[in-house]
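Written below as structure tokens is the structure these notes are about.
The values are calculated or read from the model by the stated rules, or taken from the named source; none is laboratory data. Computed from a prediction, not measured in an experiment: that's the story for all the values here. Every residue, glycine among them, receives a Cβ derived from its backbone with ideal geometry; neighbour counts consider all protein chains shown.
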Amino acid sequence: MANALGFIEITGVVAAMDALDIMCKAADVTLATWERKLGGRLVTLVVEGKVEAVRQSVEAATARALKKPVSVGILPNPHPEIVRMVALSASRFKGKPEPSSESKQLGEDPPDFVPKEK
């Protein structure tokens, strides 16, 4: 279990992926979970790691991300309720099956799609 959580809220999925890349390259942190709100216009990234690594990663992303984060936060030794909330979010995020070779490709109809007859 990590002893710190870092949060960055930023506008746009592309900016969020850029910020996450910066965070993971700047220090030894891992993505705990992420949440998209407003159709992906607002993205919250949560990373975990040691306190100093989390601090370095959040500071690096704040300084160098494509967009300025809307909000940032670092929680050293987070309360168990915060850990529980992050775990709940992560279970939704990580509970999705990995894409397989049988997955729908861009432009293909989903497997349950039945076209209307004319």
Q. Where residues in region 1-38 are part of a strand (DSSP E or B) and β-branched (Val, Ile, Thr), which of them is nearest to residue 54 (Cα to Cα)?
A. 29
Q: Could you list all residues from region 69-87 that are under 20 Å from residue 16 (Cβ atoms) and either under 16 Å from the mean Cα position of the chain (by Cα) or at pLDDT below 95 (or both)?
A: 69, 70, 71, 72, 73, 74, 85, 86
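Quickly run through region 39-54 and pick out the residues that are surrounded by fewer than 16 Cβ atoms within 10 Å (Cβ to Cβ) and in contact with a strand residue (DSSP E or B) (Cβ under 9 Å, 6 or more places away or on another chain). Even if it seems obvious, please write down each step before you answer.
Filtering region 39-54 for residues surrounded by fewer than 16 Cβ atoms within 10 Å (Cβ to Cβ) gives 39-41, 50, 52.
The answer is 41, 50, 52.
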**Q.** Single condition residue 33 does not satisfy, out of (1) at pLDDT 95 or above; (2) touching a Leu at 6+ places or on another chain (Cβ under 9 Å)
**A.** (1)
(Q) Looking at 47, 58, 72 in this structure, which one is in contact (Cβ under 8 Å) with a residue 40 or more places away in the chain, closer than 20 Å to residue 90 by Cα and assigned to a helix (DSSP H, G or I)? (A) 58
Q.
Filter region 8-21 down to the residues that are surrounded by fewer than 20 Cβ atoms within 10 Å (Cβ to Cβ) and of a type outside the set (Asp, Glu) and list them by number.
A. 11, 12, 13, 14, 15, 17
Q. Only one of (1) over 10 Å from the mean Cα position of the chain (by Cα); (2) within 20 Å of residue 87 (Cβ to Cβ); (3) of a type outside the set (A, V, I, L, M, F, W, C) is not met by residue 62, so which one is it?
A. (2)
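With the structure loaded, tell me whether residue 57 is crowded, with 21+ Cβ neighbours inside 10 Å, of a type in the set (Ser, Thr, Tyr) and more than 11 Å from the chain's Cα centre (by Cα) or whether it fails that test.
Working: crowded, with 21+ Cβ neighbours inside 10 Å: yes; of a type in the set (Ser, Thr, Tyr): yes; more than 11 Å from the chain's Cα centre (by Cα): yes.
The answer is yes for residue 57.
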